[in-house]
Amino acid sequence: MLHTNTTTKLPHCYHQLRTFINARIKWVRDPYLDFAVQREKDLKEAISLKNQVLSTPSKTLPLYTASLLKPHLNLPTTTTNFSLKYPSLFLHSQSPPHLKLTPQFLSIHKDESSIHNSPTHRNDTVRRLTKFLMLTKAFKLPLYVIERFKWDLGLPQNYILTLLCDYPEYFNVCEVRDGRSGEEVLGLELVKWREELAVSELERRVGKDCYLGGKTGVRIMFPMCLTKGFELEKKVRDWVEEWQALPYVSPYENAFHLSPNSDQAEKWAVAVLHELLWLLVSKKTERDNVFCLGEYLGFEGRFKKALVHHPGIFYLSNKIRTQTVVLREAYRKDFLVEKHPLMGMRYRYIHLMNKVPKKKQ
């Protein structure tokens, strides 16, 4: 049985009004954050194809079999054309036609596997996944929702067998009711609430006890950084200042008693979205992932409002055939302020992808 503390720590009975003015907040392109997204074009798909090759006993994949994987791996073209596009990653052998990995690709994979297998990284992954589930209020999610965040959370390929099974005191695979179909599906739940982890990144920065009950008058405000040339109307700036001054509601609190259309409820929704992105290794994820999770959080359109109303906190990029939500404060230009070890591996993959093999004389 999961025991939780469901009481709110702050007197949120006030600030129940909606004061956001009806002003159009235009979208302004950020070339640095667009490049941070564009840089990873085809990376996820290349890693997925790599994992398929390595899942075979021979570490090679017949091209016929590979051709069937195009929709499964979300490849932008046929598997053959995709692999030929990156000769520094994939090799083609004839008689019969097979696909295998280059030694350089294998070398980075082995280094990445060492990170996944290290106790420090495993504990960090468990901590982030635990906090991820703690954001859901029900403390459980269907596995297919977690699969959508698998890449962003930096989970290993077979994370249930290679990671979660070693932490039975944290996780349990169970059946959950799917809100879309109404059917029972496999899910993941927390075994128990972890109070020591119920501290958001913003709370950690200021010290959790600095603001509880307003004893010291410290207010937690969201860091904001607008794209150069982006200017908010004065009435919008005034609203943002008033909104920032509202009491911070921890994303790990249950604040559904707040009027859903109030400014205070919006600040809570922004806190949840901010913490979600902070838990991800690249501090970004596809917008559809955010909206899918929002359904299970009971936030419905709240995340959409957060993205529209707070362009200084979140950036929406239209690069690489999708829309990606980026946490602005996590980047300085196109570089991560705090680079996770897995991101170091991904940048090595990207460097290899862009490398043109020397032609034999």
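The values are calculated or read from the model by the stated rules, or taken from the named source; none is laboratory data. Given the structure is predicted, the values throughout are model-derived calculations rather than measurements. Neighbour counts run over all protein chains shown; Cβ positions are idealised from the backbone, glycine included. Note: areas computed on protein heavy atoms with side chains; ligands, DNA, RNA excluded. Shrake-Rupley method; radii C 1.70, N 1.55, O 1.52, S 1.80 Å.
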Equivalent-ellipsoid semi-axes (√(5λ), Cα gyration tensor) for segment 72-137, whole Å, largest first?
35, 18, 8
Taking 41 Å as R0, compute the FRET efficiency from the Cβ-Cβ separation of Lys41 and Glu231 and round it to 0.05.
0.85
Debye log10 I(q)/I(0) for segment 43-186, one point scatterer per Cα, at q = 0.16, 0.17 Å⁻¹:
-0.96, -1.03
Expressed as a whole percent, how much of the Cα-Cα distance distribution for segment 215-296 exceeds 15 Å?
68
Enter the mean projected area of the convex hull around the alpha-carbon atoms of segment 105-186, in nm², rounded to one decimal.
6.1
Here D for segment 119-251, in µm²/s, from Stokes-Einstein with a Kirkwood Rh over Cα pairs at 20 °C and 1.002 mPa s, works out to 120
Pairwise FRET efficiency - Thr77 versus Asn117, Cβ, R0 = 45 Å, nearest 0.05
0.85
Using label points projected 7 Å from each Cα along Cα→Cβ, tell me how many nm separate Gln323 and Ser67, to one decimal.
3.7
Solvent-accessible area, 1.4 Å probe, carbon plus sulfur percent, for the chain
54
Plugging the Kirkwood radius over Cα pairs into Stokes-Einstein for the chain, at a temperature of 10 °C and a viscosity of 1.306 mPa s, what D comes out in µm²/s?
71
I need to check one value: relative contact order of segment 58-216, counting alpha carbon pairs closer than 8 Å and at least 6 residues apart, in percent.
15
In order through segment 174-188: 3J(HN,Hα) via Karplus (6.51 cos²θ - 1.76 cosθ + 1.60), integer Hz, x for Gly, Pro:
9, 9, 10, 7, 7, x, 7, 9, x, 8, 7, 10, 5, x, 10
Virtual spin-label span in nm between Met343 and Lys26, 7 Å along Cα→Cβ
3.0
Hey, with R₀ at 56 Å, roughly what FRET efficiency would Val206 and Leu54 work out to, going by the Cβ-Cβ distance, to 0.05?
0.80
Listed residue (Phe230, Ile146, Ile160) projecting farthest to the positive dipole end of segment 131-251, Cβ model
Phe230
Return the long-range amide H neighbours of Phe90 (sequence gap of 5 or more, or a different chain), with a cut-off of under 5 Å between placed amide H atoms.
Thr102
Note the full-extension length gain between Glu184 and Leu316 as 0.36 nm times their separation in residues minus their Cα-Cα distance, in nm to one decimal.
44.2 nm
